[in-house]
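The structure appears below as structure tokens.
The values are calculated or read from the model by the stated rules, or taken from the named source; none is laboratory data. A quick note: this is a predicted structure, and the numbers were derived from the prediction, not measured. Positions of Cβ are generated from backbone atoms using ideal geometry, with glycine treated the same way; all protein chains shown enter the neighbour counts.
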Amino acid sequence: MEQVKKDWCVTVLIIDEKSNRVFLIKKRRGIKVLPGKEPFTIPSRWAMVGGRRDPGEKDKIETAIREVEEEIGLSVGINPELRVADDRGDHLDVSFIGYPIGGKLKIKSDEVIDYRWFPIKILEVPRLLKSFLSDKNAEMHPNHLWRAQRLL
């Protein structure tokens, strides 16, 4: 019996090891429409960089590298051994750790409304995000937080 390959989404936890910081983006609130699903609202939250596989991409790491370059302009090195996968039914969510190796930080996506480097501690103690930003409503996407914590 032939195994059907699932589509995938990737996220990348970008880590600057020298400063012990992680790079996160804040996504714009909006309506998302996925094939075969009802439209739904996406709240504005902090998240890892990432996105869906483009047609023709055969490798999740290829997707991860492209997404980081497309969204924020950085080139990243990906360790294929450090990853977390979550089967979402119709697709896989796969998260990697990425290390900046080149490029210039430049937000290229209209989905991103804010971005910054955070102390890695905010992944261990998520409530620190609110105080770090002086924003009582700040929150990280729960699935991204769960995967980021497992990557560390």
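Among the residues here, SER134 does not qualify as over 22 Å from VAL84 (Cβ atoms), at pLDDT below 90 and of a type in the set (S, T, N, Q). On the stretch given as the stretch 119-148, residues that are assigned to a helix (DSSP H, G or I) and more than 12 Å from MET48 (Cα to Cα) total 9.
Selection of first residues in the stretch 110-133 that are farther than 15 Å from VAL22 by Cα and of second residues that are surrounded by 14 or more Cβ atoms within 10 Å (Cβ to Cβ) and among the polar types (S, T, N, Q), restricted to Cβ pairs under 8 Å at least 6 apart or on distinct chains, gives the following pairs, ordered by first then second residue: ILE113/SER44. Considering the stretch 26-59, the residues that are among the charged types (D, E, K, R) and in a strand (DSSP E or B) include one that is surrounded by the fewest Cβ atoms within 10 Å (Cβ to Cβ), namely LYS32.
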